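Step one of this worksheet: look at the structure below.
The values are calculated or read from the model by the stated rules, or taken from the named source; none is laboratory data. None of these values were measured; they are calculated from a predicted model. Every residue, glycine as well, gets a Cβ built from its backbone with ideal geometry; the counts of neighbours run over all protein chains shown. Note: areas computed on protein heavy atoms with side chains; ligands, DNA, RNA excluded. Shrake-Rupley method; radii C 1.70, N 1.55, O 1.52, S 1.80 Å.
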Amino acid sequence: MCRSIKTLRPPAMPEEATEDEMRAAALQYVRKVSGFRAPAAHNQEVFDRAVEAVSRATADLLEGLEIRGGTRRAS
């Protein structure tokens, strides 16, 4: 996939991922899938919506993960 997307869950990250870290990972994902580093003006809105949707999905995923030997992440 995209090597610049880092793991955002423990133990790879000792503390909870920030919104900025989740958005950065979402942006990298959308760039990779779309094939555009920066979208043209006529694609900007759909690109931004995709980044926001992936950010929300990432937050939901991290909040719901149960790490073996650990506990569910607090929100």
Between 19, 45, 63, which gets the highest mean-square fluctuation from a Gaussian network model of the chain, Cα cutoff 10 Å? 45
Unit charges on C-beta of K, R, D, E only; dipole of the chain, Debye: 380 debye
14 Å cut-off, amide nitrogen to a point 7 angstrom out along residue 67 Cα→Cβ, residues in segment 1-34: 7-18
Can you pull the percent of the chain's accessible area that's carbon plus sulfur, 1.4 Å probe, other chains left in place? 52 percent
So what's the projected area for the chain, the Cα convex hull averaged over all directions, in nm²? 5.3 nm²
Where labels lie 7 Å past Cα in the beta-carbon direction, separation of residue 42 and residue 57 in nm: 2.6 nm
In Å², and per residue, what accessible area does the chain have when probed at 1.4 Å with the other protein chains present? 75 Å²
